[in-house]
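Worksheet: one structure, shown below.
The values are calculated or read from the model by the stated rules, or taken from the named source; none is laboratory data. This one's a predicted model, so the numbers in the text were calculated from it and none came from an experiment. Cβ coordinates were reconstructed from backbone atoms using ideal geometry, including for glycine residues, and neighbour counts include every protein chain displayed. With ligands, DNA and RNA removed, areas are computed over all heavy atoms of the protein, side chains included. Shrake-Rupley method; radii C 1.70, N 1.55, O 1.52, S 1.80 Å.
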Amino acid sequence: MPSVLIAPSLLAADFAHLSSDLERVTAAGADWLHLDILDGQFVDNISFGPGIVQTIRGLTSLPLDVHLMIERADHYVPRFIEAGANSITVHVEPEAKHEIGRTLRAIREGGCRAGLTLNPETPFAFVEPHLPNIDLLLIMTVHPGFGGQSFRPEMMEKVRRAQDLRSSLGMHYALEVDGGITAETARACIESGADVIVAGTAIFKTNDYAAAIRALRGEEPAPTKS
Ligand code: DX5
Ligand code: ZN
């Protein structure tokens, strides 16, 4: 089991050849698949819903890490559980319009890992009360909605805080980072305490997914872009 898990974000995959992209990224050593659900309300972009998650479930046995950037996640969570998610992460911001404690409980009761996340602009204090009730804390390193944005290094302060609290309070949530992650920025994340790295562009926009994944783990230099 590698010490850092790599979760390729399918937002950057080739949807015309999704099945072969899934095979390639699996053979390349992906640990989880990160599925970004965008509703055009909570974020300014639209991706896909539970139907496509279910299709992906039928194409892979890798854990499906579903990141809900949507309003009223509580209403949609059962459909993503049914579709085959293994972890479901919801947003803490009031604009996400749900009762966070209740949504997290519903995710766990559905047999999934319960994740919580916050936008770069959102203070870390928003997630603190929920830390004992989550399995996964996702620190956004870009404002969500689009792949290919620039990493925000100042978010490492939140990663370090999450790591400090986790060890001082004996909590067990996995610490995940998402947005603008390259081999170089992954190193900062790992040094700050991250154990799951989400990356779209840095994997799917290269010619060699295996080399890209090894580079994200810090094992070799990044391959050239395709
Ligand atoms: C941002 C999504 C990310 C994004 C990552 O809206 O949550 O998962 O697709 O893509 P890259 O790695 O290209 O920044
Ligand atoms: Zn994401």
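Can you tell me which residue is most open to solvent (accessible area, probe 1.4 Å) among those in the stretch 1-14 that are at pLDDT 95 or above and away from ligand 1 (no atom under 13 Å from the Cβ)? Steps first, answer last, please.
Our first condition is that a residue be at pLDDT 95 or above; within the stretch 1-14, this holds for 4-14.
Next cut, away from ligand 1 (no atom under 13 Å from the Cβ) only: 4-5, 14.
On the way: 4: 14, 5: 24, 14: 66 Å².
Ranking the candidates gives 14 first.
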Sort through 59, 64, 68 and tell me the only one that's of a type outside the set (Ser, Thr, Tyr), crowded, with 19+ Cβ neighbours inside 10 Å and touching a Leu at 6+ places or on another chain (Cβ under 7 Å). 64
Name the pairs: first residue in the stretch 141-155 and among the aromatic types (Phe, Trp, Tyr), second residue away from ligand 2 (no atom under 14 Å from the Cβ), Cβ to Cβ under 6 Å, at least 6 apart or on different chains? 151/185
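Filter the stretch 125-153 down to the residues that are within 16 Å of ligand 1 (Cβ to nearest atom) and open to solvent by 30 Å² or more (accessible area, probe 1.4 Å) and list them by number.
Quick first cut of the stretch 125-153, residues within 16 Å of ligand 1 (Cβ to nearest atom) only: 136-153.
Across the stretch 125-153, the qualifying residues are 143, 146, 147, 148, 149, 150, 151, 152, 153.
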One residue is enough: does the stretch 202-216 have a residue meeting the conditions open to solvent by 30 Å² or more (accessible area, probe 1.4 Å), under 21 Å from residue 162 (Cα atoms) and either in a loop (DSSP other than H, G, I, E, B) or touching a Pro at 6+ places or on another chain (Cβ under 6 Å) (or both)? no
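Which of the residues that make up the stretch 162-181 are more than 12 Å from ligand 1 (Cβ to nearest atom), open to solvent by 10 Å² or more (accessible area, probe 1.4 Å) and in a strand (DSSP E or B)? I'd like the intermediate steps shown before the answer.
Quick first cut of the stretch 162-181, residues more than 12 Å from ligand 1 (Cβ to nearest atom) only: 162-175.
When the remaining residues are screened for being open to solvent by 10 Å² or more (accessible area, probe 1.4 Å), the result is 163-172, 174.
Residue satisfying the conditions is 174 alone.
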Within 16 Å of the chain's Cα centre (by Cα), under 15 Å from residue 196 (Cβ atoms) and within 16 Å of ligand 2 (Cβ to nearest atom), is that true of residue 53? no
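Rundown of residues vs (1) under 14 Å from the mean Cα position of the chain (by Cα); (2) among the hydrophobic types (A, V, I, L, M, F, W, C); (3) closer than 21 Å to residue 90 by Cα, yes/no style:
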site: 156; (1), (2), (3): no, yes, yes
site: 172; (1), (2), (3): no, no, yes
site: 185; (1), (2), (3): no, no, no
site: 188; (1), (2), (3): no, yes, no
site: 192; (1), (2), (3): no, no, no
site: 195; (1), (2), (3): yes, no, yes
site: 199; (1), (2), (3): yes, yes, yes
site: 208; (1), (2), (3): no, no, no
site: 214; (1), (2), (3): no, no, no
Number of positions in the stretch 39-52 that are among the aliphatic types (A, V, I, L, M) and buried (at least 21 other Cβ atoms within 10 Å of the Cβ): 1
Name the residue that is surrounded by the most Cβ atoms within 10 Å (Cβ to Cβ), counting only residues in the stretch 74-122 that are at positive phi and touching a Lys or Arg at 6+ places or on another chain (Cβ under 6 Å). 84
Output for the stretch 182-198, where each listed residue is within 15 Å of ligand 1 (Cβ to nearest atom), among the aliphatic types (A, V, I, L, M) and open to solvent by 10 Å² or more (accessible area, probe 1.4 Å): 183, 188
